[in-house]
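What follows is a short report on a single structure.
Bear in mind these aren't lab numbers, they're just calculated from the coordinates by the rules spelled out. Just so it is clear, the model here is predicted, and its values are computed rather than measured. Virtual Cβ from ideal backbone geometry, glycine too; neighbours counted across all protein chains shown.
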Amino acid sequence: MLQQDLHIHTTFSTSDNSVVPEQTVSLVAAVRHAIIVGISDHFECLVNGSFEGYEKEIRQVGLKVGVEVDGHPWVDEATNYNVDYYIFHCRDQNADYRSIDKLLTTGKPVIIAHPNALHTNLNQVPSECLIEINNRYIWRSDWKQYYGPFTNQFKFVIGSDAHQPNWLSQTIAHYAAAQLGIEEHLVF
Ligand SMILES: [Zn+2]
Ligand SMILES: [Zn+2]
């Protein structure tokens with residue numbers, strides 16, 4: 001069993017066509033592939049009234065409630081919702097770096113999502129943020145060069161970014177973390 005997986009999508013991510021109908025909250029809870037499990041659907045899919053049902057369904061099965069926030073335009077609204085943590089898309093632009101502070105002031109954990117895939121400049125990211133090593137994206141870049149200079153500067157979390165049941169895995173992310181000498185930080 002894995003220690004932790006806080007980056008998981010379900011059928012609540014209605015705009016994401018990688019999600020399959022079988023990827024439900026109840027299936028993720030039943031599989032229970034990690035000790036600490038959180039659901040982190042796209043926040044923009046939850047603002048049209050479905051957040052309440054989302055939160056209720058996740059809490060009923062005892063999982064953590066997260067959301068994946070797509071950059072600065074969504075930050076103000078995201079802070080109004082009762083989540084346990086944020087996963088944040090930080091593109092290489094000042095407005096995104098600046099908006100991280102608003103998320104941090106909530107006191108909730110802020111995980112910078114697959115930064116290697118979004119070309120996030122980690123020099124611009126506050127050290128209180130947790131940096132993700134994402135199983136879906138880590139192998140698509142020169143991850144040694146990208147993460148190498150920052151291994152002592154941040155705490156790191158490993159996420160599957162599962163959109164389908166068979167993606168509930170972190171194999172390549174754990175390999176990369178081990179190669180980098182990074183020990184996973186457990187958030188909860
Ligand atoms: Zn993402
Ligand atoms: Zn995601």
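Only lysine pairs 8 or more places apart or on separate chains count here, and in the chain those with Cα atoms under 28 Å apart total 9.
Computed from the alpha carbon atoms alone, the convex hull of the chain holds 106 Å³ per residue. Secondary-structure-derived ellipticity at 222 nm for the chain, considering helices only, amounts to -7000 deg cm²/dmol, per-run term -39500 (n - 2.57) for DSSP H runs with n ≥ 4. Loop sites here are trypsin sites (Lys or Arg not before Pro) outside DSSP states H, G, I, E and B with no more than 16 other Cβ atoms within 10 Å. The longest part of the chain free of them is 92-188. Provide the net charge surrounding Thr11, with neighbours chosen by a C-beta distance below 10 Å and charges set as Lys +1, Arg +1, Asp -1, Glu -1. Residues close to Thr11 contribute a combined charge of -3. Calculated over segment 65-135, the projected area of the Cα convex hull averaged across directions stands at 4.3 nm².
Send over the per residue convex hull volume for segment 41-94, Cα only, as a whole number of Å³.
Given the Cα convex hull of segment 41-94, per-residue volume reads 72 Å³.
Mind grabbing the base-10 log of I(q)/I(0) for segment 1-95 at q = 0.11, 0.22, 0.24 Å⁻¹? Debye formula, identical points on the C-alpha positions, no solvent, two decimal places. Debye intensities relative to I(0), on a log10 scale: -0.30, -1.14, -1.31. Restricting the calculation to alpha carbons of segment 30-72 gives Rg and Dmax of 11.2, 34 angstrom.
When the Gaussian network model of the chain links Cα atoms closer than 10 Å, the mean-square fluctuations of Gln93, Gln164, Gln23 top out at Gln93. Comparing mean-square fluctuations of Ile35, Ile172, Ile158 from a GNM of the chain with C-alpha springs under 10 Å, the top value falls on Ile35.
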